[in-house]
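The values are calculated or read from the model by the stated rules, or taken from the named source; none is laboratory data. In this text, all values refer to a predicted model and were calculated from it rather than measured experimentally. Neighbour counts run over all protein chains shown; Cβ positions are idealised from the backbone, glycine included.
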Amino acid sequence: MKGYINNIIKGNTLSVLKTIDSNLIDIGITSPPYNKQEKHKGWLVKNVQYDSYKDIKTEEEYQEEQIEILNEIFRITKEGGSFFYNHKTRWERGQMFHPIQWLAKTNWTIRQEIIWDRMIAANIRGWRYWQVDERIYWLYKPINKNKIGIELESKHALLTSIWRFPPENGKKNPHPAPFPLTLPSRIITSMLNDTDGIVLDPYCGSGTTLVAASLLNKKYIGIDISEDYIQYAKDRLQNASSEMKIVLEELQKHIVQKTFKQRKQQGAFTGKHKNNSNTEEVLQATVKQLHLL
Ligand SMILES: C[S@@+](CC[C@H](N)C(=O)[O-])C[C@H]1O[C@@H](n2cnc3c(N)ncnc32)[C@H](O)[C@@H]1O
């Protein structure tokens, strides 16, 4: 795939994916356009509008396109490879759309639903509790149809299925919807550790995934439709070392004193309560604290 590795390809995601060889990619990470109809203005944060793409489709069209794209990504990913898909639950005239609705129709094995607690979000209206969460779906391409796969090292797994960090600072990054560098850094280091690999972001925007891949010594392929975002991403990659501090801060979280096995052998806490006594103690303490009795 000459010309693709360590490059950003300008074009429509689906068309570009179709030109990529099968079984090439080790991992992928992306946040696609959310089909937000571009009319829901937030009270706190500016409306998301891309410069080269109108985020307006019927929900049916949108989901069908996402399925086709996810299946193309499945084809170009190696067996044993993974794709991390950042999305969220949305509502249109009171009807809820959940990403599982289309993810379950793709060829991928859905390995985990991770909650990303952003702690802040654009829209504050009383139709629902303030939605500050997004989701990250870990999608897995089985080896020989074995859906279980290999275990994560405990230093990564202990980071839990709830990821709490804020969104990217909009003042630093001119893109309307970047994710923070912490997000792809966590994924790349958990999936690839010290091994080399090719990381794909099929909607790479300001290049956050590519910067993380580059700083972690991996290869990358980016795709985006916008000339300006690609130029910004390329400039950012040139100057990537200025963002190393954020990657290092994330790497420091992937350190664990004892593995699951060592904890079990030493009778230390492994995350499972042996009986209900601990739960009962916590309950009693809470009751006491709240003066409920
Ligand atoms: C949510 S943003 C991704 C932001 C990125 N994660 C970052 O950190 O900057 C989605 C991106 O998809 C691009 N895009 C939308 N539709 C596209 C299409 N059909 N083909 C290629 N890129 C597209 C937009 O230009 C935008 O940059």
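Overview of values
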{"item": "Test: residue in the stretch 136-143 that is assigned to a loop (DSSP other than H, G, I, E, B), among the hydrophobic types (A, V, I, L, M, F, W, C), away from the ligand (no atom under 16 Å from the Cβ) and without any contact (Cβ under 8 Å) to a residue 60 or more places away in the chain", "result": "no"}
{"item": "Scope the stretch 71-103; condition over 27 Å from ALA122 (Cα atoms) and crowded, with 16+ Cβ neighbours inside 10 Å; matching residues", "result": "GLU72, ILE73, PHE74, ARG75, ILE76, THR77, LYS78, GLY81, SER82"}
{"item": "Output for the stretch 208-247, where each listed residue is assigned to a strand (DSSP E or B) and within 14 Å of the ligand (Cβ to nearest atom)", "result": "TYR220, ILE221, GLY222, ILE223, ASP224"}
{"item": "Among (1) in a loop (DSSP other than H, G, I, E, B); (2) modelled with pLDDT of 95 or more; (3) within 23 Å of GLU134 (Cβ to Cβ), the one test that PHE74 misses", "result": "(1)"}
{"item": "Search result, residues across the stretch 15-30 that are in contact (Cβ under 8 Å) with a residue 40 or more places away in the chain and more than 17 Å from TRP108 (Cα to Cα)", "result": "VAL16, LYS18, ILE20, ASP21"}
{"item": "Residue list for the stretch 174-196, filter: in contact with a helix residue (DSSP H, G or I) (Cβ under 8 Å, 6 or more places away or on another chain), in a loop (DSSP other than H, G, I, E, B) and not aromatic (Phe, Trp, Tyr)", "result": "PRO174, HIS175, PRO178, PRO180, LEU181"}
{"item": "When residues of the stretch 176-207 are limited to those that are in contact (Cβ under 8 Å) with a residue 12 or more places away in the chain and of a type in the set (Asp, Glu), the one nearest to the ligand (Cβ to nearest atom)", "result": "ASP201"}
{"item": "Any hit, the stretch 198-210, residues being surrounded by fewer than 24 Cβ atoms within 10 Å (Cβ to Cβ) and small (Gly, Ala, Ser)", "result": "no"}
{"item": "Test for ALA233: is it at pLDDT 95 or above, in contact with a Gly (Cβ under 6 Å, 6 or more places away or on another chain) and more than 14 Å from ILE27 (Cβ to Cβ)", "result": "yes"}
{"item": "The listed residue being over 16 Å from ILE5 (Cα atoms), touching a helix residue (DSSP H, G or I) at 6+ places or on another chain (Cβ under 6 Å) and not acidic (Asp, Glu), out of GLY205, GLY222", "result": "GLY205"}
{"item": "Complete set of residues in the stretch 138-158 that are more than 19 Å from the chain's Cα centre (by Cα), farther than 28 Å from GLN262 by Cα and not hydrophobic (A, V, I, L, M, F, W, C)", "result": "PRO142, ASN144, LYS145"}
{"item": "Hey, ILE198 touching a Leu at 6+ places or on another chain (Cβ under 6 Å) and under 22 Å from MET1 (Cβ atoms) or not", "result": "no"}
{"item": "Criterion: assigned to a loop (DSSP other than H, G, I, E, B), among the acidic types (Asp, Glu), at negative phi and away from the ligand (no atom under 16 Å from the Cβ) - qualifying residue of GLU151, GLU168", "result": "GLU151"}
{"item": "Every residue from the stretch 133-158 that is surrounded by 17 or more Cβ atoms within 10 Å (Cβ to Cβ) and among the hydrophobic types (A, V, I, L, M, F, W, C)", "result": "ILE136, TRP138, LEU139"}
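Let's see how each residue does on (1) loosely packed, with under 15 Cβ neighbours inside 10 Å; (2) at pLDDT below 95; (3) near the ligand (Cβ under 8 Å from one of its atoms); (4) assigned to a loop (DSSP other than H, G, I, E, B):
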residue: MET1; (1), (2), (3), (4): yes, yes, no, yes
residue: ILE20; (1), (2), (3), (4): no, no, no, yes
residue: ASN23; (1), (2), (3), (4): yes, no, no, yes
residue: ASN47; (1), (2), (3), (4): yes, yes, no, yes
residue: ASP55; (1), (2), (3), (4): no, yes, yes, yes
